[in-house]
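One structure below.
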Protein chains: 2
Amino acid sequence: MNDTSNQPLRRVYFLSNRTAITAETLGHSLLAQFPGIQFSSVTIPFVDTTQKAYKLVDRINAENADNELQSIVISTMADEEISRIIHQSKALIIDPFERFLPDLELILHAHSIHESGQSHRISNQGLYESRINAIDFTMLHDDGMTTKMYGQSDIIIVGVSRSGKTPTCLYLALQFGIKAANYPITEEDMESEDLPAIIRGFKGKLFGLTTNPKRLAHIREERRSNSRYASLEQCKYEVKAAEQMFEQFNVPYLNTTTMSIEEIATKVVEITGLHRISKPAISHLDMK
Amino acid sequence: MNDTSNQPLRRVYFLSNRTAITAETLGHSLLAQFPGIQFSSVTIPFVDTTQKAYKLVDRINAENADNELQSIVISTMADEEISRIIHQSKALIIDPFERFLPDLELILHAHSIHESGQSHRISNQGLYESRINAIDFTMLHDDGMTTKMYGQSDIIIVGVSRSGKTPTCLYLALQFGIKAANYPITEEDMESEDLPAIIRGFKGKLFGLTTNPKRLAHIREERRSNSRYASLEQCKYEVKAAEQMFEQFNVPYLNTTTMSIEEIATKVVEITGLHRISKPAISHLDMK
């Protein structure tokens with residue numbers, strides 16, 4: 001990106017009358033297809049009155065005038081009047097509702113309600129509560145803190161310290177409603193010939209995470225600088241021992257070195273075939 | 001939905017060559033505009049070979065033939081060849097890459113790379129690590145467990161037991177990279193005339209959550225059935241006392257009764273003006 005560092009940044013606005021999570025998610029996917037270009041993005045949720053919309057158009061146009069590059073707006077406005085106002089701005093408007101709802105209306109033989117933020121509201125209390133329950137469970141079973149209810153878990157993530165167990169479990173619980181426990185493999189465990197006693201009875205639920213020793217050392221270095229714990233030698237030893245354990249006991253595992261939390265969690269679900277709540281806060285999408 | 005319960009469900013596929021998070025998020029937002037229609041959705045991530053794509057088209061077409069309703073595919077395939085194969089299915093294809101990338105290419109004077117899953121990969125190590133650090137911090141400071149590093153928090157969520165503090169904090173950390181601690185308001189705290197001693201020094205960081213006493217009683221009932229803790233009377237008392245505390249000490253607060261975790265977290269960020277990492281796992285979107 002050296003060659004573009006002196007160029008002005010392209011301004012991008014993620015807008016919605018609700019949380020703007022959809023606009024942001026779609027927007028990032030689209031912009032990521034242009035890795036050579038530097039963007040400066042801002043998310044503006046809750047644009048839910050015409051007054052706010054007019055003010056925003058003024059802001060977008062003013063900022064656009066300061067900049068030689070046309071701005072980009074990625075907007076999911078359910079309200080048609082607000083949407084029309086946003087379309088008056090001088091930015092390029094990317095509006096998936098405007099583009100795709102007519103096609104859907106045609107094949108569904110129904111009018112869209114153009115109501116705001118349906119997808120991130122609670123409507124199905126049961127699904128919502130199963131997600132909250134999964135979070136509770138995961139919090140209680142982080143880092144081997146409690147192990148007595150391992151039997152109730154959907155999955156038990158195992159791996160050495162700082163291999164990504166906790167964020168993976170939280171994402172599994174928060175996004176997919178999966179009861180994910182985790183257990184840290186200690187040096188003592190590595191010296192044994194068998195699986196650690198605490199998890200031995202749950203072989204079918206185990207899933208291993210591993211990572212590149214260099215990256216592990218870097219992460220540990222930030223926590224405990226210059227320690228034996230963070231040394232490359234120690235990280236190499238632990239990673240090797242953990243991977244041997246996974247191989248020996250047929251524990252499926254994943255090398256997470258270059259993966260984001262989202263990718264790890266999605267991959268874990270795919271490999272294990274666990275039931276994934278696709279979007280817990282929606283009522284009328286029955287996932288069964 | 002009684003009138004539609006005997007209708008066959010409309011099948012929807014969320015497809016991607018990577019995590020399918022974008023397809024799912026956009027898809028749910030679109031479908032939520034048709035609350036009268038029953039959908040049956042399935043998410044298929046990692047459609048990353050032409051072979052998998054052909055197999056999938058066969059499956060979609062076979063399932064379509066069994067059903068009198070045309071299926072819907074919401075697909076974000078960065079790979080053009082795989083995308084072309086998916087377009088051969090008999091479903092209605094909603095493809096935001098196909099629709100929006102040409103417009104973006106025009107104004108950006110650049111070709112999109114059509115590479116897979118850029119938006120959920122780690123590329124900016126710094127942003128990624130700040131998100132992991134936020135998760136670590138939040139885990140350590142859940143439910144008042146540790147309070148000595150409250151000074152390092154970005155926000156301290158306060159509220160009575162089961163008012164939604166933990167999921168909100170986790171979402172703030174996981175999605176927005178915000179160091180969110182939380183502190184449960186106890187009965188002892190309520191009887192005092194002052195803010196609880198532990199949080200008194202951090203008034204500027206406090207944010208309250210409150211909820212409808214009936215809903216609180218319902219949630220608590222699931223945990224400790226027929227207890228004083230879960231009684232409506234007790235819930236009414238606690239909610240009232242907590243809200244009085246927020247009012248008295250000018251703690252901004254939110255009634256979360258009908259809100260999802262996503263909505264609460266987005267609203268908290270909006271009200272407090274906290275810096276929100278829009279999508280931590282992207283390199284070339286500099287949020288500064």
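For the stretch B:165-191, what are the residues that are aliphatic (A, V, I, L, M) and under 22 Å from the mean Cα position of the chain (by Cα)?
Answer for the stretch B:165-191, where residues must be aliphatic (A, V, I, L, M) and under 22 Å from the mean Cα position of the chain (by Cα): B:Leu170, B:Leu172, B:Ala173, B:Leu174, B:Ile178, B:Ala180, B:Ala181.
Among the residues of the stretch B:204-230, count how many are more than 25 Å from the chain's Cα centre (by Cα) and exposed (fewer than 15 other Cβ atoms within 10 Å of the Cβ).
Residues in the stretch B:204-230 being more than 25 Å from the chain's Cα centre (by Cα) and exposed (fewer than 15 other Cβ atoms within 10 Å of the Cβ): 6 in total.
Exactly one of these conditions fails for B:Thr258: (1) touching a strand residue (DSSP E or B) at 6+ places or on another chain (Cβ under 8 Å); (2) more than 9 Å from every other protein chain (Cβ to nearest Cβ). Give me its number.
Every condition holds for B:Thr258 apart from (2).
If a residue has to be surrounded by 22 or more Cβ atoms within 10 Å (Cβ to Cβ) and either more than 25 Å from A:Ile21 (Cβ to Cβ) or free of Cβ contacts under 8 Å to residues at least 12 places away in the same chain (or both) to count, how many in the stretch B:177-203 make the cut?
Residues meeting the conditions: 2.
Considering (1) over 19 Å from B:Val42 (Cβ atoms); (2) surrounded by fewer than 21 Cβ atoms within 10 Å (Cβ to Cβ); (3) in contact (Cβ under 8 Å) with a residue 24 or more places away in the chain, say which one B:Ala78 fails and leave the rest.
Of (1) over 19 Å from B:Val42 (Cβ atoms); (2) surrounded by fewer than 21 Cβ atoms within 10 Å (Cβ to Cβ); (3) in contact (Cβ under 8 Å) with a residue 24 or more places away in the chain, only one is false for B:Ala78: (2).
Scan the stretch A:85-93 and tell me whether some residue there is crowded, with 18+ Cβ neighbours inside 10 Å, of a type in the set (S, T, N, Q), without any contact (Cβ under 8 Å) to a residue 40 or more places away in the chain and assigned by TED's automatic domain parsing to the domain that holds A:His114.
Yes, some residue in the stretch A:85-93 is crowded, with 18+ Cβ neighbours inside 10 Å, of a type in the set (S, T, N, Q), without any contact (Cβ under 8 Å) to a residue 40 or more places away in the chain and assigned by TED's automatic domain parsing to the domain that holds A:His114.
Does B:Arg215 satisfy the condition of being within 14 Å of another protein chain (Cβ to nearest Cβ), under 24 Å from A:Gln175 (Cα atoms) and basic (Lys, Arg)?
yes
For the stretch A:144-161, name all the residues that are in contact with a Lys or Arg (Cβ under 8 Å, 6 or more places away or on another chain), buried (at least 24 other Cβ atoms within 10 Å of the Cβ) and under 15 Å from A:Thr186 (Cα atoms).
A:Ile157, A:Val158, A:Gly159
Among all residue pairs at least 6 apart or on different chains, which show Cβ distances below 6 Å where the first residue, located in the stretch A:220-235, is on the phi > 0 side of the Ramachandran plot and modelled with pLDDT of 95 or more and the second is acidic (Asp, Glu) and assigned to a loop (DSSP other than H, G, I, E, B)?
Correct list of pairs: empty, since none qualify.
State which residue pairs qualify: first residue within 19 Å of B:Thr211 (Cα to Cα) and more than 7 Å from chain A (Cβ to nearest Cβ) and inside the stretch B:164-176, second residue hydroxyl-bearing (Ser, Thr, Tyr) and in a helix (DSSP H, G or I) in any location, beta carbons under 7 Å apart, and separation of 6 or more residues or different chains.
If the second residue must be hydroxyl-bearing (Ser, Thr, Tyr) and in a helix (DSSP H, G or I), the pairs left are B:Cys169/B:Thr138.
Checking B:Gln125 against (1) modelled with pLDDT of 95 or more; (2) surrounded by fewer than 14 Cβ atoms within 10 Å (Cβ to Cβ); (3) within 14 Å of another protein chain (Cβ to nearest Cβ): exactly one of these is not met. Which one?
Of the numbered conditions (1) modelled with pLDDT of 95 or more; (2) surrounded by fewer than 14 Cβ atoms within 10 Å (Cβ to Cβ); (3) within 14 Å of another protein chain (Cβ to nearest Cβ), the odd one out for B:Gln125 is (1).
Taking helices (runs of 4 or more DSSP H) that fall entirely within the stretch B:1-101, which contain at least 3 residues that are more than 7 Å from chain A (Cβ to nearest Cβ) and not polar (S, T, N, Q)?
Those helices (runs of 4 or more DSSP H) span B:50-66, B:80-86.
Out of (1) hydrophobic (A, V, I, L, M, F, W, C); (2) in a loop (DSSP other than H, G, I, E, B); (3) assigned by TED's automatic domain parsing to the domain that holds B:Arg131, the odd one out for B:Ile277 is which?
So B:Ile277 meets the others, but not (3).
The values are calculated or read from the model by the stated rules, or taken from the named source; none is laboratory data. Note that this is a predicted model, so its numbers are computed, not measured. Please note: Cβ atoms are built from the backbone with ideal geometry, for glycine as well, and neighbour counts cover all protein chains shown.
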